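**Q** Pasting in a structure now, in structure tokens, and then I'll have a few things to ask.
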Amino acid sequence: MTIDQSTQKSRTLRAAFLGFIGGAVLASGVAVLAADGGVAAMHHMAGPMSQADMAAHVEKVCQHLYIELDATAAQKAALDPIFKQAAADLLPMFQQLHTGHAQVLNLLAAPTIDRAAVDQASAAQTAVHDQIAQRMTRLMEDSSTVLTPDQRQKLVAHLTQHMSMTAPAHG
């Protein structure tokens, strides 16, 4: 293999990796939007968002991303149903996580700890996380086939910057 071929292969792998990361970040964003109350919590609003409010917010975020990525009309038409279906699929899963989280907290606040119940609740949460990971992987695969490598790189840069600005400080 010549140096030029090696360099080209390295660039191709890097672009594929960035595309995957871009899809992961995008999927994470959609997952946050799908979370019951997740957007409300992020924006310090009172109470969880209704499905209509969430749909409007997903639309607004998508339109912003389309502008950032210089998405074509065809790409927008292909991505809209992908994002909307992912949000619809993920919403009940995030509701399950919310319910399970409350259940674990109640078990831990009990006068005596029922280890079997905590383990069972934890296993149920792990199963839901697995379902979310599978759905988000499908979202990444579906959305990454629509965007160009350059657009995926722009997406990664934009979302990385956004995430660094909005990351909560712990400590």
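The values are calculated or read from the model by the stated rules, or taken from the named source; none is laboratory data. From a predicted model like this one, the values you see are computed outputs, not experimental measurements. No Cβ is skipped: glycine too gets one built from the backbone with ideal geometry, and neighbour counts run over all protein chains shown.
**Q** Is there a residue being at pLDDT 90 or above and not in a helix (DSSP H, G or I) anywhere in the range 39-47? Explain how you work it out, then say what you get.
**A** Residues of the range 39-47 at pLDDT 90 or above: none.
Among the residues of the range 39-47, not one is at pLDDT 90 or above and not in a helix (DSSP H, G or I), which makes the answer no.
**Q** So, one more: Every residue in the range 63-74 that is surrounded by 13 or more Cβ atoms within 10 Å (Cβ to Cβ), closer than 13 Å to Val146 by Cα and not small (Gly, Ala, Ser), please.
**A** Correct list: Tyr66, Leu69, Thr72.
**Q** Give Asp119, Asp89 a once-over and let me know the one that is in contact with a Lys or Arg (Cβ under 6 Å, 6 or more places away or on another chain) and either modelled with pLDDT of 85 or more or more than 29 Å from Lys76 (Cα to Cα) (or both). Walk me through how you get there before you give the answer.
**A** Working: Asp119 fails: in contact with a Lys or Arg (Cβ under 6 Å, 6 or more places away or on another chain).
That would be Asp89, the only listed residue that is in contact with a Lys or Arg (Cβ under 6 Å, 6 or more places away or on another chain) and either modelled with pLDDT of 85 or more or more than 29 Å from Lys76 (Cα to Cα) (or both).
**Q** Just one of Ala77, Ala102 is exposed (fewer than 15 other Cβ atoms within 10 Å of the Cβ), aliphatic (A, V, I, L, M) and within 25 Å of His57 (Cα to Cα); which is it?
**A** Ala77
**Q** So in the range 119-147, with the set limited to residues that are surrounded by 12 or more Cβ atoms within 10 Å (Cβ to Cβ), over 13 Å from the mean Cα position of the chain (by Cα) and of a type in the set (Val, Ile, Thr), which one is nearest to Phe94 (Cα to Cα)?
**A** By that ranking, first place goes to Val128.
**Q** Moving on. Hey, among the residues in the range 153-171 that are surrounded by 16 or more Cβ atoms within 10 Å (Cβ to Cβ) and within 15 Å of the chain's Cα centre (by Cα), which one's modelled with the lowest pLDDT? Break it down stepwise before answering.
**A** Restricting attention to the range 153-171, the residues satisfying the condition of being surrounded by 16 or more Cβ atoms within 10 Å (Cβ to Cβ) are 153-156, 158-159.
Remaining after also requiring within 15 Å of the chain's Cα centre (by Cα): 155-156, 158-159.
Values: Leu155: 82, Val156: 82, His158: 82, Leu159: 75.
Going through the qualifying residues, I end up with Leu159.
**Q** Take the residues of the range 99-137 that are part of a helix (DSSP H, G or I) and of a type in the set (Ser, Thr, Tyr): which is nearest to Ala71 (Cα to Cα)?
**A** Thr137
**Q** Just give me the residues in the range 53-71 being closer than 14 Å to Lys154 by Cβ and either outside any helix (DSSP H, G or I) or of a type in the set (Val, Ile, Thr) (or both), in sequence order. Reasoning before the result, please.
**A** Residues of the range 53-71 closer than 14 Å to Lys154 by Cβ: 64-71.
Answer for the range 53-71, where residues must be closer than 14 Å to Lys154 by Cβ and either outside any helix (DSSP H, G or I) or of a type in the set (Val, Ile, Thr) (or both): Ile67, Asp70, Ala71.
**Q** Pairs only if they're at least six apart or on different chains, beta carbon under 8 angstrom, first in the range 138-158 and closer than 15 Å to Tyr66 by Cα and touching a residue at least 24 places away in the same chain (Cβ under 8 Å), second in a helix (DSSP H, G or I) and among the basic types (Lys, Arg); list them, first residue then second.
**A** Close Cβ pairs satisfying both conditions: Ser144/Arg152.
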